[in-house]
(Lines give C-alpha, C1' and ligand atoms only; values in the text may rest on other atoms or scores of the structure.)
Protein backbone atom coordinates (compact mmCIF):
# COMPACT_ATOMS: atom_id res chain seq x y z
CA UNK A 1 0.00 0.00 0.00
CA UNK A 2 2.83 2.38 0.88
CA UNK A 3 4.63 1.65 -2.35
CA UNK A 4 1.44 2.28 -4.32
CA UNK A 5 0.88 5.68 -2.67
CA UNK A 6 4.55 6.54 -3.16
CA UNK A 7 4.26 5.67 -6.85
CA UNK A 8 1.22 7.95 -7.24
CA UNK A 9 3.02 10.86 -5.56
CA UNK A 10 6.21 10.41 -7.57
CA UNK A 11 4.47 9.87 -10.88
CA UNK A 12 4.62 6.94 -13.21
CA UNK A 13 6.91 6.67 -16.17
CA UNK A 14 9.67 8.90 -17.47
CA UNK A 15 9.37 10.91 -20.65
CA UNK A 16 11.99 10.50 -23.32
CA UNK A 17 13.73 13.44 -24.93
CA UNK A 18 11.63 12.91 -28.04
CA UNK A 19 8.38 13.11 -26.05
CA UNK A 20 9.47 16.34 -24.40
CA UNK A 21 10.46 17.92 -27.72
CA UNK A 22 7.19 16.89 -29.38
CA UNK A 23 5.06 18.34 -26.59
CA UNK A 24 6.87 21.68 -26.49
CA UNK A 25 7.00 21.97 -30.28
CA UNK A 26 3.28 21.14 -30.46
CA UNK A 27 2.61 23.96 -27.99
CA UNK A 28 4.57 26.34 -30.21
CA UNK A 29 2.75 25.20 -33.37
CA UNK A 30 -0.68 25.65 -31.84
CA UNK A 31 0.52 28.93 -30.34
CA UNK A 32 1.14 30.21 -33.87
CA UNK A 33 -2.60 29.94 -34.51
CA UNK A 34 -3.14 32.20 -31.49
CA UNK A 35 -0.59 34.66 -32.88
CA UNK A 36 -2.28 34.80 -36.30
CA UNK A 37 -5.78 35.03 -34.83
CA UNK A 38 -4.85 37.83 -32.44
CA UNK A 39 -3.04 39.76 -35.18
CA UNK A 40 -6.02 39.48 -37.55
CA UNK A 41 -8.83 40.25 -35.09
CA UNK A 42 -7.01 43.10 -33.34
CA UNK A 43 -5.81 44.95 -36.42
CA UNK A 44 -6.27 48.52 -35.17
CA UNK A 45 -5.47 50.67 -32.18
CA UNK A 46 -5.90 47.77 -29.74
CA UNK A 47 -3.20 45.60 -31.36
CA UNK A 48 -0.09 45.04 -29.26
CA UNK A 49 2.69 43.00 -30.85
CA UNK A 50 4.39 42.50 -27.48
CA UNK A 51 1.21 41.06 -25.99
CA UNK A 52 0.77 38.83 -29.02
CA UNK A 53 4.29 37.42 -28.65
CA UNK A 54 3.60 36.93 -24.95
CA UNK A 55 0.58 34.77 -25.81
CA UNK A 56 2.75 32.54 -28.00
CA UNK A 57 5.41 32.17 -25.33
CA UNK A 58 2.72 31.60 -22.67
CA UNK A 59 1.50 28.55 -24.57
CA UNK A 60 5.05 27.19 -24.81
CA UNK A 61 5.83 27.85 -21.15
CA UNK A 62 2.58 26.27 -19.99
CA UNK A 63 3.32 23.23 -22.12
CA UNK A 64 6.80 22.97 -20.63
CA UNK A 65 5.47 23.27 -17.08
CA UNK A 66 2.81 20.63 -17.68
CA UNK A 67 5.46 18.34 -19.19
CA UNK A 68 7.50 18.67 -16.00
CA UNK A 69 4.51 18.13 -13.74
CA UNK A 70 2.98 15.24 -15.68
CA UNK A 71 0.94 13.18 -13.22
CA UNK A 72 3.25 13.92 -10.30
CA UNK A 73 0.90 15.09 -7.57
CA UNK A 74 3.63 16.23 -5.20
CA UNK A 75 5.31 18.32 -7.88
CA UNK A 76 2.01 19.81 -9.03
CA UNK A 77 1.16 20.92 -5.49
CA UNK A 78 4.60 22.47 -5.14
CA UNK A 79 4.16 24.30 -8.45
CA UNK A 80 0.78 25.68 -7.35
CA UNK A 81 2.34 26.91 -4.11
CA UNK A 82 5.19 28.59 -5.96
CA UNK A 83 2.89 30.33 -8.45
CA UNK A 84 0.47 31.46 -5.74
CA UNK A 85 3.04 33.92 -4.38
CA UNK A 86 3.45 35.61 -7.77
CA UNK A 87 1.07 38.41 -8.67
CA UNK A 88 0.50 38.94 -12.39
CA UNK A 89 -0.66 42.38 -13.49
CA UNK A 90 -1.50 42.68 -17.17
CA UNK A 91 -3.21 45.72 -18.68
CA UNK A 92 -6.17 44.33 -20.62
CA UNK A 93 -7.05 46.79 -23.38
CA UNK A 94 -9.75 44.61 -24.90
CA UNK A 95 -12.12 42.15 -23.27
CA UNK A 96 -11.14 39.61 -25.93
CA UNK A 97 -7.59 39.52 -24.56
CA UNK A 98 -8.79 37.38 -21.65
CA UNK A 99 -10.03 34.79 -24.14
CA UNK A 100 -6.62 34.61 -25.78
CA UNK A 101 -4.87 34.18 -22.44
CA UNK A 102 -7.08 31.21 -21.53
CA UNK A 103 -6.64 29.85 -25.06
CA UNK A 104 -2.85 29.89 -24.67
CA UNK A 105 -3.08 28.19 -21.26
CA UNK A 106 -5.44 25.54 -22.66
CA UNK A 107 -3.01 24.73 -25.46
CA UNK A 108 -0.09 24.47 -23.06
CA UNK A 109 -1.97 22.17 -20.69
CA UNK A 110 -3.25 19.87 -23.46
CA UNK A 111 0.12 19.59 -25.20
CA UNK A 112 1.93 19.25 -21.88
CA UNK A 113 -0.05 16.13 -21.01
CA UNK A 114 0.14 14.79 -24.58
CA UNK A 115 -3.53 15.29 -25.47
CA UNK A 116 -2.94 16.73 -28.93
CA UNK A 117 -6.41 15.83 -30.22
CA UNK A 118 -8.15 18.08 -27.69
CA UNK A 119 -5.63 20.84 -28.35
CA UNK A 120 -6.14 20.54 -32.10
CA UNK A 121 -9.94 20.44 -32.06
CA UNK A 122 -10.19 23.19 -29.45
CA UNK A 123 -7.75 25.40 -31.34
CA UNK A 124 -9.53 24.81 -34.64
CA UNK A 125 -12.96 25.68 -33.29
CA UNK A 126 -11.79 28.77 -31.40
CA UNK A 127 -9.71 29.92 -34.39
CA UNK A 128 -12.70 29.70 -36.75
CA UNK A 129 -15.05 31.46 -34.31
CA UNK A 130 -12.62 34.33 -33.73
CA UNK A 131 -11.81 34.51 -37.43
CA UNK A 132 -15.48 35.01 -38.24
CA UNK A 133 -16.57 37.11 -35.27
CA UNK A 134 -13.37 38.45 -33.72
CA UNK A 135 -13.26 41.72 -35.65
CA UNK A 136 -16.66 42.87 -34.41
CA UNK A 137 -16.21 46.25 -32.74
CA UNK A 138 -18.69 47.76 -30.33
CA UNK A 139 -18.49 51.29 -31.67
CA UNK A 140 -22.19 51.84 -32.21
CA UNK A 141 -22.47 54.47 -29.46
CA UNK A 142 -21.78 58.11 -30.25
CA UNK A 143 -21.26 61.05 -27.92
CA UNK A 144 -22.22 64.59 -28.89
CA UNK A 145 -20.33 67.09 -26.70
CA UNK A 146 -21.37 70.75 -26.75
CA UNK A 147 -19.77 73.59 -24.78
CA UNK A 148 -21.32 77.03 -24.95
CA UNK A 149 -22.32 80.06 -22.93
CA UNK A 150 -24.91 79.50 -20.19
CA UNK A 151 -27.57 81.63 -21.85
CA UNK A 152 -27.54 79.29 -24.90
CA UNK A 153 -28.38 76.15 -22.93
CA UNK A 154 -32.12 76.09 -23.67
CA UNK A 155 -31.63 76.88 -27.37
CA UNK A 156 -29.03 74.14 -27.80
CA UNK A 157 -31.17 71.55 -26.03
CA UNK A 158 -34.05 72.46 -28.32
CA UNK A 159 -31.91 71.94 -31.43
CA UNK A 160 -30.68 68.55 -30.24
CA UNK A 161 -34.24 67.52 -29.41
CA UNK A 162 -35.48 68.60 -32.84
CA UNK A 163 -32.68 66.84 -34.76
CA UNK A 164 -32.71 63.52 -32.89
CA UNK A 165 -36.35 63.31 -31.74
CA UNK A 166 -35.69 62.13 -28.14
CA UNK A 167 -33.21 59.48 -29.30
CA UNK A 168 -30.27 61.48 -27.95
CA UNK A 169 -30.00 60.97 -24.17
CA UNK A 170 -28.45 63.67 -22.02
CA UNK A 171 -25.80 61.86 -19.97
CA UNK A 172 -23.75 64.66 -18.45
CA UNK A 173 -24.23 68.37 -17.84
CA UNK A 174 -21.20 70.30 -16.59
CA UNK A 175 -21.63 73.92 -15.63
CA UNK A 176 -19.45 76.88 -14.67
CA UNK A 177 -20.50 80.45 -13.83
CA UNK A 178 -20.18 81.33 -17.54
CA UNK A 179 -20.38 78.10 -19.56
CA UNK A 180 -22.30 74.84 -19.81
CA UNK A 181 -21.17 71.53 -21.31
CA UNK A 182 -23.77 69.04 -22.54
CA UNK A 183 -22.91 65.43 -23.38
CA UNK A 184 -25.50 63.40 -25.28
CA UNK A 185 -25.36 59.68 -26.07
CA UNK A 186 -26.97 58.13 -29.13
CA UNK A 187 -26.56 55.31 -31.61
CA UNK A 188 -24.48 55.74 -34.75
CA UNK A 189 -27.58 55.29 -36.86
CA UNK A 190 -29.38 58.08 -35.00
CA UNK A 191 -26.44 60.41 -35.56
CA UNK A 192 -26.21 59.56 -39.27
CA UNK A 193 -29.94 60.15 -39.70
CA UNK A 194 -29.39 63.77 -38.68
CA UNK A 195 -27.65 64.37 -42.02
CA UNK A 196 -30.99 63.90 -43.77
CA UNK A 197 -31.83 67.46 -42.74
CA UNK A 198 -30.97 70.31 -45.06
CA UNK A 199 -28.52 71.71 -42.52
CA UNK A 200 -26.08 69.63 -40.42
CA UNK A 201 -26.38 69.53 -36.64
CA UNK A 202 -22.98 71.15 -36.11
CA UNK A 203 -23.69 74.00 -38.48
CA UNK A 204 -27.01 74.64 -36.80
CA UNK A 205 -25.44 74.63 -33.32
CA UNK A 206 -22.65 77.04 -34.26
CA UNK A 207 -25.18 79.43 -35.79
CA UNK A 208 -26.59 80.04 -32.30
CA UNK A 209 -23.43 81.94 -31.37
CA UNK A 210 -21.32 81.75 -28.22
CA UNK A 211 -20.68 78.04 -28.88
CA UNK A 212 -17.10 77.20 -27.91
CA UNK A 213 -16.95 73.73 -29.51
CA UNK A 214 -19.02 70.79 -30.71
CA UNK A 215 -17.33 67.37 -30.62
CA UNK A 216 -18.53 63.97 -31.80
CA UNK A 217 -16.86 60.93 -30.20
CA UNK A 218 -17.33 57.25 -31.08
CA UNK A 219 -17.26 55.08 -27.96
CA UNK A 220 -15.43 51.75 -28.03
CA UNK A 221 -14.53 48.89 -25.66
CA UNK A 222 -10.85 49.83 -25.44
CA UNK A 223 -9.46 50.22 -21.94
CA UNK A 224 -6.40 52.37 -21.56
CA UNK A 225 -3.79 51.02 -19.21
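Does residue 132 fit the bill of being in a helix (DSSP H, G or I), under 30 Å from residue 186 (Cβ atoms) and at pLDDT 80 or above?
Values: in a helix (DSSP H, G or I): yes; under 30 Å from residue 186 (Cβ atoms): yes; at pLDDT 80 or above: yes.
In short, yes.
Filtering the stretch 181-191 to residues that are assigned to a helix (DSSP H, G or I) and either outside the structural domain of residue 210 (by TED's automatic domain parsing) or surrounded by 11 or more Cβ atoms within 10 Å (Cβ to Cβ) (or both) leaves 188, 190, 191. Within the stretch 192-210, the residues that satisfy the criterion of being assigned to a helix (DSSP H, G or I), within 21 Å of residue 180 (Cβ to Cβ) and without any contact (Cβ under 8 Å) to a residue 24 or more places away in the chain are 202, 203, 206. Scan the stretch 168-180 for residues that are under 34 Å from the mean Cα position of the chain (by Cα) and surrounded by fewer than 17 Cβ atoms within 10 Å (Cβ to Cβ) and the total you get is 6.
Summed over the stretch 153-168, residues that are more than 20 Å from residue 197 (Cβ to Cβ) and in contact with a strand residue (DSSP E or B) (Cβ under 7 Å, 6 or more places away or on another chain) total 1. Would you confirm whether any residue within the stretch 95-107 is over 18 Å from residue 28 (Cα atoms), exposed (fewer than 14 other Cβ atoms within 10 Å of the Cβ) and at pLDDT 75 or above? Within the stretch 95-107, one or more residues are over 18 Å from residue 28 (Cα atoms), exposed (fewer than 14 other Cβ atoms within 10 Å of the Cβ) and at pLDDT 75 or above.
The values are calculated or read from the model by the stated rules, or taken from the named source; none is laboratory data. Here the structure is a predicted model, which is why all the values come from computation and not from measurement. Note that each Cβ is placed from the backbone with ideal geometry, even for glycine, and that neighbours are counted across all protein chains shown.
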